[in-house]
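The values are calculated or read from the model by the stated rules, or taken from the named source; none is laboratory data. What you see is a predicted model, and the numbers here were worked out from it, not measured in a lab. Here the Cβ positions follow ideal geometry from the backbone for every residue, glycine too, while neighbour counts run over all protein chains shown. Quick note on the areas: whole protein, heavy atoms, side chains included, nothing else; ligands and nucleic acids left out. Shrake-Rupley method; radii C 1.70, N 1.55, O 1.52, S 1.80 Å.
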Amino acid sequence: AEAPSSSAAAIDAARMKSLQSSDEKHMFDFEADVGGVPRDASPAIMERNTRSFTEYLRRSANHTTLLVPDKTFHFYPGIYGRHVRNFTLLIGGTVRFPRP
């Protein structure tokens, strides 16, 4: 088994701190729990990732932490959340947007 990278260790430490800071807060994984698709920059997947992230913010983000795991996820600009409270975004991987 590989030793965890320093970024993975930092994410794990941040995850533990986040979980310990509030009994109401829950951690979700963008890939496993929200349906994000890594390593694919096709228009359909970029649209899916953007829509999944926006829907998560709209419906589920309050009092949660969302982890973007140690992979590359491609999005279109336009991720938007409104009235989001007590939300933490942990980026352990790469979040990419197309250049204009």
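Select from segment 27-69 the residues that are more than 13 Å from ARG96 (Cα to Cα) and among the acidic types (Asp, Glu) and list them in ascending order.
ASP29, GLU31, ASP33, GLU55
Kindly provide the set of residues from segment 73-99 that are among the hydroxyl-bearing types (Ser, Thr, Tyr) and within 11 Å of the chain's Cα centre (by Cα), ordered by number. Steps first, answer last, please.
Taking segment 73-99 and keeping what is among the hydroxyl-bearing types (Ser, Thr, Tyr), we get 76, 80, 88, 94.
Passing the criteria: THR88, THR94.
So that you can scan it fast, the table gives a plain yes or no per residue for (1) open to solvent by 60 Å² or more (accessible area, probe 1.4 Å); (2) among the hydroxyl-bearing types (Ser, Thr, Tyr); (3) over 21 Å from VAL84 (Cα atoms); (4) modelled with pLDDT under 95:
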| residue | (1), (2), (3), (4) |
| --- | --- |
| MET16 | yes, no, yes, yes |
| THR50 | no, yes, no, no |
| LEU57 | no, no, no, no |
| ASN62 | yes, no, no, no |
| LEU66 | no, no, no, no |
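Out of segment 72-100, which residues are out of contact with any Phe, Trp or Tyr (no Cβ under 9 Å at 6 or more places or on another chain) and touching a residue at least 40 places away in the same chain (Cβ under 8 Å)?
ASN86, THR88, LEU90, GLY92 - these are the residues of segment 72-100 that are out of contact with any Phe, Trp or Tyr (no Cβ under 9 Å at 6 or more places or on another chain) and touching a residue at least 40 places away in the same chain (Cβ under 8 Å).
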